[in-house]
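Student: My structure is below; once you've seen it, I'll send some questions.
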Amino acid sequence: LVVSLSVLVLSTRTSRQSSVLAAAATCTQYQFSSILGSSGPGNGQINSPYGLFANSTYVFTAESLIQSGMERIQRFNLSGTYSNLTFGTSGSSPGQFKGLRDVATDSSGNIYVTDSVNNRVQKFSPAGVFITQWAVTNPWGIAVDSSNRVYVGDNGTKQIKKYSSSGSLLASWSGNPAFDTIAGLATDSTYVYATDYAKSNIQKFTVSGTFQKAWGSNGTAPGQFNYSKGIAVDGNGYVYATDGNHRIQKFDSNGNLVTYWGSYGGLNGQFRSPSDV
């Protein structure tokens, strides 16, 4: 049976070539399907990608190259075609970024972006028009649930913080073990999953912040991570995580390894330190 699923992965394939790879799923076997984007600074090209988000209509990429002032969000159709939306420049004013890390959207199509050096989350309309911002210390990962509640990793306080869509703080909680660097966040509106980059693990919580479990450790064996970063969860509760071992690993919601794929290289279906999924 062919599963109706595609997995999108941000891959820095060489120091100058960046792209999004799509892997099509057939049961638990994943084969290379297509590439979104090409290397470069133009619209529809991708340069130094950090964050990736797909909703039911679009794919968004978050790119940051501080040295050259490349700080922007781009939008693509699910087919991989550039969708005539690019916004963001380098700076500290509203609508600008420095150290852009991740992107997510809510049910109305509003776009939320973590701006790590400026220590804030920014919210934009579906057309990329600045709406509001709020302070978070060195945020990386961001996720939005079906009730438009926004989850952000605050790496100053080492906590996950939960906000309303307008930026009002609703709750905050710590990790177990304590977080070092909260890199990626994902939610299926029942649970919140977080990757800890330095500790190479994944932690699972309810959306109210109750700790459920943690899994993973530093290493190269299946189920281990070489610095865990990007994470996503699908409609069946399966969790996908990028791995500095140049692979994607898939787990069930209890942290049991289901499968993994990928290897080091620049060929189709290979990765060089994939940053998000």
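The values are calculated or read from the model by the stated rules, or taken from the named source; none is laboratory data. Only a predicted model underlies this, so the values are computations on that prediction, with no experimental measurement involved. Note that each Cβ is placed from the backbone with ideal geometry, even for glycine, and that neighbours are counted across all protein chains shown. Side chains included, ligands, DNA and RNA excluded: accessible areas come from the protein's heavy atoms. Shrake-Rupley method; radii C 1.70, N 1.55, O 1.52, S 1.80 Å.
Student: Show the residue pairs that are 6+ apart or on different chains and have beta-carbon atoms under 9 Å apart, the first residue being within the range 153-179 and farther than 21 Å from S125 by Cα, the second being of a type in the set (F, W, Y) and in a loop (DSSP other than H, G, I, E, B).
Tutor: Every condition considered, the pairs that remain are G153/W140; G153/F179; N155/W140; N155/F179; K158/F179; Q159/F179; I160/F179.
Student: G95 fails exactly one of the following numbered conditions: (1) in a loop (DSSP other than H, G, I, E, B); (2) farther than 19 Å from Q133 by Cα. What is the number of that condition?
Tutor: Condition not satisfied by G95: (2).
Student: Then there is this: Which of (1) at pLDDT below 95; (2) in a loop (DSSP other than H, G, I, E, B); (3) open to solvent by 20 Å² or more (accessible area, probe 1.4 Å) does P274 not meet, given it meets every other one?
Tutor: (3)
Student: Turning to a different aspect of this structure: So if I check each of S90, S56, S79, which one is crowded, with 16+ Cβ neighbours inside 10 Å and either free of Cβ contacts under 8 Å to residues at least 24 places away in the same chain or over 19 Å from the mean Cα position of the chain (by Cα) (or both)?
Tutor: When all the criteria are applied, what remains is S90.
Student: Any chance you could count how many residues in the range 59-76 are open to solvent by less than 10 Å² (accessible area, probe 1.4 Å) and small (G, A, S)?
Tutor: Number of matching residues: 2.
Student: If I ask for residues that are within 14 Å of V192 (Cα to Cα) and surrounded by 13 or more Cβ atoms within 10 Å (Cβ to Cβ), which ones from the range 220-235 would you list? Lay out the reasoning, then the answer.
Tutor: Keep residues of the range 220-235 that are within 14 Å of V192 (Cα to Cα), which gives 230-235.
G230, I231, A232, V233, D234 - these are the residues of the range 220-235 that are within 14 Å of V192 (Cα to Cα) and surrounded by 13 or more Cβ atoms within 10 Å (Cβ to Cβ).
Student: Which residue out of D252, D196 is among the acidic types (D, E) and closer than 28 Å to L100 by Cβ?
Tutor: After ruling out the rest, the residue left standing is D196.
Student: Go through (1) at pLDDT below 75; (2) open to solvent by 60 Å² or more (accessible area, probe 1.4 Å); (3) outside any loop (DSSP other than H, G, I, E, B); (4) not small (G, A, S) for F32 and report which single condition fails.
Tutor: (1)
Student: Taking the condition within 25 Å of L36 (Cα to Cα), in contact with a strand residue (DSSP E or B) (Cβ under 8 Å, 6 or more places away or on another chain) and not charged (D, E, K, R), does S253 pass?
Tutor: Details: within 25 Å of L36 (Cα to Cα): no; in contact with a strand residue (DSSP E or B) (Cβ under 8 Å, 6 or more places away or on another chain): yes; not charged (D, E, K, R): yes.
Criteria not met by S253.
For (1) under 18 Å from S92 (Cβ atoms); (2) assigned to a strand (DSSP E or B); (3) out of contact with any His (no Cβ under 8 Å at 6 or more places or on another chain), each residue gets a yes or a no:
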residue: A104; (1), (2), (3): no, yes, yes
residue: N118; (1), (2), (3): yes, no, yes
residue: V121; (1), (2), (3): yes, yes, yes
residue: P126; (1), (2), (3): no, no, yes
residue: N138; (1), (2), (3): yes, no, yes
residue: A143; (1), (2), (3): no, yes, yes
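Student: Same structure, new question: What are the pairs with Cβ atoms under 7 angstrom where one residue, in the range 194-211, is at positive phi and the other, located anywhere, is open to solvent by less than 10 Å² (accessible area, probe 1.4 Å) and small (G, A, S)? Sequence gap at least six, or different chains.
Tutor: S200/S228
Student: Suppose we filter the range 225-267 for residues that are free of Cβ contacts under 8 Å to residues at least 12 places away in the same chain and under 19 Å from the mean Cα position of the chain (by Cα); how many remain?
Tutor: Of the residues in the range 225-267, 1 are free of Cβ contacts under 8 Å to residues at least 12 places away in the same chain and under 19 Å from the mean Cα position of the chain (by Cα).
Residues checked against (1) closer than 30 Å to F130 by Cβ; (2) surrounded by fewer than 23 Cβ atoms within 10 Å (Cβ to Cβ):
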site	(1), (2)
K158	yes, yes
D180	no, yes
T190	no, yes
A194	yes, no
Q203	no, no
N218	no, yes
Q249	no, no
Y260	no, yes
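Listed here are the residues, each with its yes/no results for (1) at pLDDT 95 or above; (2) outside any loop (DSSP other than H, G, I, E, B); (3) farther than 18 Å from A143 by Cβ; (4) within 16 Å of the chain's Cα centre (by Cα).
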{"residue": "L185", "(1), (2), (3), (4)": "yes, yes, no, yes"}
{"residue": "Q203", "(1), (2), (3), (4)": "yes, yes, no, yes"}
{"residue": "G209", "(1), (2), (3), (4)": "yes, no, no, no"}
{"residue": "G223", "(1), (2), (3), (4)": "yes, no, yes, no"}
{"residue": "G269", "(1), (2), (3), (4)": "no, no, yes, no"}
